[in-house]
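Before any comments, here is the structure.
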Amino acid sequence: MHFNLEEQEQLAELKAWWKQYGKWLLAIAVILALSYSGYVSWNWWQNRQAVAASKLYETLLQSAVKQDLPGTLRAAEDLQKGYSGTAYAGMAGLVTAQLANAAGDLGAAQKQLRWTMETAQSDAHRDLARSRLISILIDQGDFANAEKLADQSASKAFAPLMLERKGDVYLAQDRQDQAREQYQKAWDLLSKNADAADEAKRLLRIKLEAVGGRS
């Protein structure tokens, strides 16, 4: 009888506790369930986007290998419109710009590089696009805009390259002292980076020594 009475008291306490806190526990359970469902759905959507973008990027590369600029441009635009949040969109901009530049379509090349520079998700893609755009502007004699782009901040990995491009801008204007200063800064950074490509170091060293710098 004592045991039953104790059980009844515990049951009464549980009912009172549930009456007070039960609805909050249910609300938390619903929130957790919805959060998990949203997480799963988001991952599924991202994976689906990545797969679709990869197929479109493969189509772009096939067009680029054939030097089919119109086809490459169409694939790049489709990627940039539909899958701008993927890495493939940034890579597409770089590949398409390179093909357009080789074909002499500098307008298309600049358009792709500007899109990549301003919109690509990857720091590396944005900085590489800016570097290539600076080179095009130098070739066109647009030194003012080339210098403005070179002055913009860059990710740590691409800081030496931006300094080198700024040196290129000065050298193209026969401002050798300023070019040497930028090349020297670039070399001081690049030479300390064990992961930097040997070819990048070799080319920068040639530029630096050509303007009287020390490597």
Original post:
Out of (1) more than 21 Å from residue 180 (Cβ to Cβ); (2) touching a residue at least 12 places away in the same chain (Cβ under 8 Å); (3) surrounded by fewer than 15 Cβ atoms within 10 Å (Cβ to Cβ), the odd one out for residue 151 is which?
Top reply: (1)
Subject >> Answer residue from segment 197-215, given it is assigned to a loop (DSSP other than H, G, I, E, B) and not small (Gly, Ala, Ser) and is nearest to residue 157 (Cα to Cα) among those >> reply: 214
**OP:** Please go through segment 55-81 and pick out each residue that is of a type in the set (A, V, I, L, M, F, W, C) and either within 15 Å of residue 111 (Cβ to Cβ) or surrounded by fewer than 16 Cβ atoms within 10 Å (Cβ to Cβ) (or both).
**Re:** 61, 65, 69, 73, 75, 76, 79
**OP:** Go through 202, 175 for me and flag whichever is surrounded by fewer than 19 Cβ atoms within 10 Å (Cβ to Cβ) and at pLDDT 95 or above.
**Re:** 175
**OP:** Residue by residue through segment 170-195, note down the ones that are aliphatic (A, V, I, L, M) and under 22 Å from residue 151 (Cα atoms).
**Re:** 171, 172, 179, 186, 189, 190
Original post:
Out of (1) more than 15 Å from residue 132 (Cα to Cα); (2) outside any loop (DSSP other than H, G, I, E, B), what's the single condition that is false for residue 194?
Top reply: (2)
Original post:
Can you name the condition, by its number, that residue 49 falls short on among (1) within 18 Å of the chain's Cα centre (by Cα); (2) at pLDDT 90 or above; (3) in a helix (DSSP H, G or I)?
Top reply: (2)
**OP:** Answer yes or no as to whether residue 127 is free of Cβ contacts under 8 Å to residues at least 40 places away in the same chain, closer than 27 Å to residue 81 by Cα, among the charged types (D, E, K, R) and crowded, with 17+ Cβ neighbours inside 10 Å.
**Re:** yes
Original post:
Can you tell me which residues in segment 167-191 are farther than 16 Å from residue 138 by Cβ and part of a helix (DSSP H, G or I)?
Top reply: 177, 180, 181, 184, 185, 187, 188, 189, 190
Subject >> Of all residues making up segment 150-159, the number that are touching a Ser or Thr at 6+ places or on another chain (Cβ under 9 Å) and either among the aromatic types (Phe, Trp, Tyr) or assigned to a helix (DSSP H, G or I) (or both) >> reply: 3
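The values are calculated or read from the model by the stated rules, or taken from the named source; none is laboratory data. This structure is a prediction, so every number in the text was calculated from the model and none was measured. Because the Cβ atoms are built from the backbone with ideal geometry, glycine has one as well, and the counts that use them run over all protein chains shown.
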